[in-house]
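Following: one structure in structure tokens, then a few remarks.
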Amino acid sequence: MEKIIQITAGRGPAECTWVAAQVLKKILEEAQTCQIEATVLQREAGNENGTVLTALILLKGKTVTEFVNSWKGTIQWIGQSSFRKMHKRKNWFIGIFEMDALAIKSISEKDIQYQAMRSSGAGGQHVNKVSSAIRATHVPSGLSTVAMDSRSQHQNKKLATERLLEKFKVFELEMIRKQASDQWENQLNVARGNPTRTFTGSDFKNEKTVKSYKSERQKLKQQLNHRTEYIDS
């Protein structure tokens, strides 16, 4: 199971890009603790040192769905700006969004077509008589590579496949970047209120929500007393 998330400061000020950088660190640390493989696919720096305007993270693991759901949404930081000491604002917000799944996720061997061809360049009679070069084409994406390094057709097929896989990785990353660009509204839709997580202070501590059931117990006690009085009467 794998998912891609985007961390974005939206159109927020420098303080939000600082928050985005801190959240990126937190996510990578927590992912490691949860045995989730996390890879930063893209990171765009903010204007201030050590800040992040937006970042894409690929997450892989058995519990990745629960992990993403625990972060997805609005993230709030409560603290004093380190860029503007006299600024009165204390609440800053960034967004975390889940990216849509890619149309082509991985290369399947059945989608690769191989074509034997004659090698080009120096090689004398071998070049003219033997079709040892191999072209490997990934049909769904149209990507192709050629290997003519060896006189062995089998070896060239292996090399062409390896090169195709590497080329596909670059292609996949470009697809993800384009998708993130197409979903530019994520940069705008950083909603305030009802944050998924809240952090506080310059040390960026996670603010734990402690639920109190005192009022609920008091309410139940009053209801119980009322029923008791009704039965006695």
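For the reader, a short list of remarks on this structure follows.
- For the pair residue 178 and residue 139, the difference between a 0.36 nm per residue extended length and the Cα-Cα distance amounts to 12.0 nm.
- Take 23-33, 158-168 and order them by the average number of nearby Cβ atoms within 10 Å per residue, most first; the result is 158-168, 23-33.
Read-outs throughout are calculated quantities, based only on the coordinates presented, and are distinct from any laboratory measurement. Bear in mind that the values here come from a model prediction, so they are computed numbers and not experimental data. Glycine gets a Cβ as well: all are built from the backbone with ideal geometry, and neighbour counts include every protein chain shown.
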